[in-house]
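Comments concern the structure below.
The values are calculated or read from the model by the stated rules, or taken from the named source; none is laboratory data. Computed from a predicted structure; not experimentally measured. Reconstructed Cβ throughout: ideal geometry from the backbone, glycine too, with neighbour counts over all protein chains shown.
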Amino acid sequence: MIFKPERYKIPDEPQKPFIDVEEIEGYLYNARPDQQIIKNIIAKSLDKHRLNLMEVAYLINADSPESIELIKEGARTLKENIYGNRIVLFAPLYVGNKCTNNCQYCGFRTSNKAQVRKTLEHSELVREVEALEENGQKRLILVFGEHPEYNPEFIASCVKTVYHVKCGNGEIRRVNINAAPMDIEGFKIVKEAGIGTYQIFQETYHPEAYKTYHPGGKKSDYNNRLTALDRAQEAGLDDVGIGALFGLHNWRFEVMALVRHTNHLEACYNVGPHTISFPRLKDASTVNLDPKFIVNDDEFSRIVAILRLAVPYTGLILTAREPAQLRKEILRFGVSQIDGGTKIELGAYAASKNDNQNLDKEQFKINDDRSLNEVIDELLHEDYLPSFCTACYRLGRTGEHFMEFSVPGFIKRFCSPNAMLTLAEYLVDYAPEKTAKKGWEIIENNLNSLNGHQDVPEIRDRIERIKSGERDLYF
């Protein structure tokens, strides 16, 4: 019997649940790929077309070593074609770990009595931002537990504080948010504070699994969380990020659901998520891991490659949950953003370097604890172009306008030049001599690759202006 997707297709309506387990499992059950099918699907993606659910199911079910290698090679090529060699850098900043939820996988859950509950005071938040700026960070994501104290007004106030902190030549130019779902009015309040992306992870898209992992608190409402970013869109906040925590349910289902979520946002609001995150379940205080759905390294690299092909113009975020060597490998398959110099214990950035991390104060375990400069130095060594660019957000190139990425020449016109300018700032202000030498070589190599482009003389002129003391120059 041939599976007919329309049989299970849920009409996409704003603020209506859109995940149908039978629909997703039907696609997975009926997708029986061969290498020619895989080649055709990869060719469609390389032509910069988002894949449909059946095509994604074919990629997911392609288990032969030959097909897996085809998918990875396709993802590598697509990343080079769309994103070039740029890698955007950011840092997470935990503001408060009070939480009313009891998520079974999280160190912040209410039943974890060993957890030290804290919310950064205003002065502590300022010190954290100063410490981050002193290391060269320009992009932050503020992370909050789900608690009445962390209401829209409080989050907006934190955002405004961060933007006002200036330390030497340092400043934060983009503040993203990872916090609880809000109503439309709440999203309007945080939008007016000038935030970048608002992230909400569904954790697991499988309703029954979700119910098991979320027995208490507001987060137990699956549909409220699922439709939260619809409310953000209705509030005019069109820059949103989605994600799943891999290890809670079958990874094949979760990948399909992430693409389904992307489809829903595009169908209802004509714009998909700005970013997709795919953290893996890791150790956290008092958390006992069930190995049934744990994703191994080989599966993880497949997940990243499949997502890259499925959603060509969506940013993919790889976090410091993963060890440095694995991050180095996974970067090739389509990742566009990573964090560097990450610390997730509250107050850790401003604390003494001799202070030890403590899982009783963390949400989960960090496995790449290198400094920001160490991360940048390795990126340069691997011929990547580290970027702190925030131009698109600040110039209104978000939401529907972000689709300008599909216009030929966008990368050469905006992304690569802005990456070079922000890297130049870092090299002048923060980099040790060894890193600076590598960085200037990378900038020169990238300028040479733009030979003949109309903006090369202007880029060189702006780099010289940065060397002379000017800052925040962008296209």
Options Ile338, Ile366; residue that is assigned by TED's automatic domain parsing to the domain that holds Leu132, within 28 Å of Glu146 (Cβ to Cβ) and modelled with pLDDT of 95 or more: Ile338
Selection count where residues are among the acidic types (Asp, Glu) and within 16 Å of the chain's Cα centre (by Cα), scope segment 325-346: 1
Test result for Gly272, assigned by TED's automatic domain parsing to the domain that holds Leu89, part of a loop (DSSP other than H, G, I, E, B) and surrounded by fewer than 22 Cβ atoms within 10 Å (Cβ to Cβ): no
Candidates Ile195, Ile184, filtered to the one that is surrounded by fewer than 19 Cβ atoms within 10 Å (Cβ to Cβ), under 25 Å from Arg225 (Cβ atoms), of a type in the set (Val, Ile, Thr) and touching a helix residue (DSSP H, G or I) at 6+ places or on another chain (Cβ under 7 Å): Ile184
Whichever residue in segment 41-51 is within 25 Å of Tyr29 (Cα to Cα) and modelled with pLDDT under 95 and, among such residues, is surrounded by the fewest Cβ atoms within 10 Å (Cβ to Cβ): His49
Complete set of residues in segment 303-324 that are closer than 25 Å to Tyr94 by Cα and either in the same structural domain as Arg50 (by TED's automatic domain parsing) or out of contact with any Pro (no Cβ under 8 Å at 6 or more places or on another chain) (or both): Gly315, Leu316, Ile317, Leu318, Ala320, Glu322, Pro323, Ala324
Enumeration of residues in segment 79-107 that are more than 18 Å from the chain's Cα centre (by Cα) and either without any contact (Cβ under 8 Å) to a residue 12 or more places away in the chain or closer than 17 Å to Ile330 by Cβ (or both): Glu80
Verdict on Thr204 being in the same structural domain as Pro92 (by TED's automatic domain parsing), in contact with a His (Cβ under 7 Å, 6 or more places away or on another chain) and closer than 16 Å to Leu142 by Cβ: no
Residue match in segment 211-220 (condition: without any contact (Cβ under 8 Å) to a residue 40 or more places away in the chain, more than 20 Å from the chain's Cα centre (by Cα) and in a helix (DSSP H, G or I)): yes
